[in-house]
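Shown next, in structure tokens, is the structure this report addresses.
Quick note: the coordinates plus some simple rules give every number you see, no bench work behind them. Just so it is clear, the structure is predicted and the values come from calculations on it, not from any experiment. Note: ideal-geometry Cβ built from the backbone for every residue, glycine included; neighbour counts use all protein chains shown.
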Amino acid sequence: MDIRFQAGGSGRWKADAALAFFFEGEGPEQAASALEQAAPWLGIAPALRDYRGRKGEMTVMYGPAAMDLPRVVALGLGAREKAGGEDGLTALRHAVGGALRLCREHGLESVAVDMPSVERLAPVYGLDASRLAREIALSALLGLYRYERWRSGQDASPADPRWLAFLFREEHADDAVREAARLAEAEAAGLYLARDLANGPANEVTPSFMASTAEELAARYAEYGMSCRILGPGELEERNMGAFLAVAGGAEQEPRLVALEYAPRGAEGRPVVLVGKGITFDSGGISLKPSAGMAEMKGDMSGAAAVMGVFEAMGRLAPQWTPPCPVVGVMPCTENMPGGRATRPGDIVVAMSGRSIEIVNTDAEGRLVLADAMTYAQKTWNPGGMIDIATLTGACAVALGKGNAGLFANDDALADMLHAAGCSLGERNWRLPVWESSREILKSNVADMLNSGAREGGALHAAFFLSCFVEEGMRWAHLDIAAADAGESPINAKGATGFGVRTLLDAVRSAQQWRLN
Ligand code: BES
Ligand code: MN
Ligand code: ZN
């Protein structure tokens, strides 16, 4: 679905349906007024009499078929007083996503949102109109997402609307809104890619598949300065990535370390590095997981998928927008499988940084691949800051519950930025500590450290483990997204959500504020 603009006043507005937003208990006049010229029938639409504007309430109202706006989808937003918080914005996102799904069900080709209404709503949410337009455009696109790669097509699903238009009273569409819509489209493209990768089964989305996806991306945006480097097993061995290779040992599928680099003209100084865990299937290895829910572990590359999504979004934004500094994405991709060559509990390996690790639990594999990926990134690019994102610990899910990411950082400014960005973008995170007391818990009798310690505080020990591979002075943050997928909603089809794409893209956009030059 495209995002379009219709300017020149309500006489020029035309679409199969317009969305209208209502706060609870404020009467139907509120939305009718903005649309009264283009949909004059709305004021006397019988269904409007019973419309309450409750959160989640959605009704299609019909005018004469010959009208330029013959349908209005009424969307309830709940109480105005509650709209200011992030839950308010979530309700609005869900309303828009749900409306687009309904329009698709009805076979409508075009949908419209009038800007006077957006301008009226924006201050209620504490946003400016263009930012609210961005949320609306993105929610519309996310509502329509489906993963249909493996459907045989025997029960044909309805086609998406062809476009969503923002309607302007003025002669020209506002530039800030145009830009916001482009940003939303780029974010949606990144989120779609991240979702496709994470929803993809592990027999398709293998480490080599991740590598070829990155290669295709880099080729598509090569003219703007995107490129790709891929290391296979031989190169990982040459670079002494003993921790990464220990995880790959049991797998028939070869591992790949996938790196995307984006250095467009004008991007200066030390790069920002994003590291994403890319376990394409986590069986647990010899420390085999129980079979209940194991299928979900095809999504254990969601961190890498989010990083890939950020590069897709950045590519889409070029050349109008380019990051202030180079951006590198590093994705250690492998399966974690049992097998004759698999790492055994008790094995000792030496990471690229030179630290020896006693692997007491082969299911604590994410930190092992990330350790070497972070060492490699720091040695190769001398980054000004590094953020990793990983489905790292079930303990983080226990601590924070579904829909939330754990945030860890060695720098308050970076942590504050990520917290504020995540919360305002619908990707909530909460900071947890990196404490020295984890050092005791990860003490090994025979090696420099264990890969896993106590169950209690598991998310913290995992973060501490990672911090041991962050070089002195490096600004670093870690997002544990093991439970970040909130589940099904009007903007999330069942399955992967693409959590992290928006937050990380925002972190790149604001890199000047937090990274070292
Ligand atoms: N990929 C899992 C974490 C996970 C669990 C993600 C559930 C999403 C849903 C990770 O590799 C893992 O197995 N972690 C272990 C660590 C433990 C062995 C220290 C865990 O959380 O149980
Ligand atoms: Mn695991
Ligand atoms: Zn894992």
**OP:** For segment 65-78, take each phi angle, set θ = phi - 60°, evaluate the Karplus expression 6.51 cos²θ - 1.76 cosθ + 1.60, and give the result in whole Hz per residue in order, putting x for glycine and proline.
**Re:** 4, 7, 5, 5, 10, x, 9, 10, 9, 7, 10, x, 10, x
Subject >> Packing rank of 281-294, 198-211, 144-157, where each peptide gets the mean count of other beta carbons within 10 Å, highest leading >> reply: 198-211, 281-294, 144-157
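Below 8 Å between Cα atoms, with a sequence gap of 6+, how large is the relative contact order for segment 422-494 in percent?
Values: 42 pairs, mean separation 18.0, N = 73.
Averaging sequence separation for qualifying contacts and normalising by length gives 25 percent for segment 422-494.
Can you give the translational diffusion coefficient of the chain in µm²/s, computed by Stokes-Einstein from the Kirkwood radius over Cα pairs at 25 °C and 0.890 mPa s?
Working: Rh = 23.9 Å.
Translational diffusion coefficient: 103 µm²/s.
Stokes-Einstein diffusion coefficient for segment 250-324 at 20 °C in a medium of 1.002 mPa s, Rh from the Kirkwood formula over Cα pairs: what value in µm²/s?
On the way: Rh = 14.9 Å.
Stokes-Einstein gives a translational diffusion coefficient of 144 µm²/s.
Between residue 4 and residue 67, 0.36 nm times their residue separation minus their Cα-Cα distance comes to what?
Numbers: separation 63, 0.36 × 63 = 22.68 nm, distance 1.99 nm.
Computed gain between residue 4 and residue 67 is 20.7 nm.
Under a point-charge model restricted to the Cβ atoms of Lys and Arg (+1) and Asp and Glu (-1), what is the dipole moment magnitude of the chain relative to its Cα centre, in debye to the nearest 20?
Details: 50 positive and 65 negative charges, 78 e Å.
Using only the charged Cβ atoms, the result is roughly 380 debye.
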Original post:
Once the dipole of segment 185-514 is set up with Lys and Arg at +1 and Asp and Glu at -1 on Cβ about the Cα centre, which of 253, 479, 336 lies farthest towards its positive end?
Top reply: 479
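How large is the Rg to Rh ratio of segment 413-517 when both quantities use alpha carbon positions and Rh follows Kirkwood?
Working: Rg = 16.3 Å, Rh = 15.8 Å.
Looking at segment 413-517, the ratio lands at 1.03.
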**OP:** Kindly write out, for segment 410-422 in residue order, the coupling ³J(HN,Hα) from the Karplus curve 6.51 cos²θ - 1.76 cosθ + 1.60 (θ = phi - 60°), rounded to whole Hz, with x marking Gly and Pro.
**Re:** 9, 8, 5, 5, 5, 4, 4, 4, 5, 5, 5, 4, x
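Over the chain, what is the mean sequence separation of C-alpha contacts under 8 Å (at least six apart), divided by residue count, expressed as relative contact order in percent? Spell out each step's value before the answer.
Details: 1216 pairs, mean separation 77.2, N = 517.
Computed value for the chain: 15 percent relative contact order.
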Original post:
Among 207, 266, 311, whose Cα lies farthest out toward the positive end of the dipole of segment 183-325, if unit charges sit on the beta carbon of Lys, Arg (+1) and Asp, Glu (-1)?
Top reply: 266
**OP:** Quick one: go through segment 13-30 and flag any residue whose amide nitrogen is under 14 Å from the point 7 Å out along the Cα-to-Cβ line of residue 52.
**Re:** 23-27
Original post:
What 222 nm value per residue comes from the helices of the chain, counting each DSSP H run with n ≥ 4 as -39,500 (n - 2.57) and dividing by all residues, nearest 500 deg cm²/dmol?
Top reply: -10500 deg cm²/dmol
Original post:
Give me the log10 of I(q) over I(0) for segment 2-169 at q = 0.08, 0.09, 0.11, 0.14 Å⁻¹, as the Debye formula computes it from C-alpha points; what are the numbers?
Top reply: -0.22, -0.28, -0.42, -0.68
**OP:** Go through 55/402; 298/494; 277/379; 55/298; 298/402; 14/55 and tell me which ones have a Cα-Cα distance over 24 Å in this structure.
**Re:** 55/298; 14/55
Subject >> Rounded tilt (10° steps) of 207-220 against the dominant C-alpha axis of the chain >> reply: 50 degrees
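Hey, got a sec? Which trypsin sites (Lys or Arg not before Pro) in segment 174-272 land in a DSSP loop and have at most 11 other Cβ atoms within 10 Å?
Details: sites: 178, 182, 195, 220, 229, 239, 256, 265; in loops: 239, 265.
Those that pass, being in a loop and sparsely packed, are 265.
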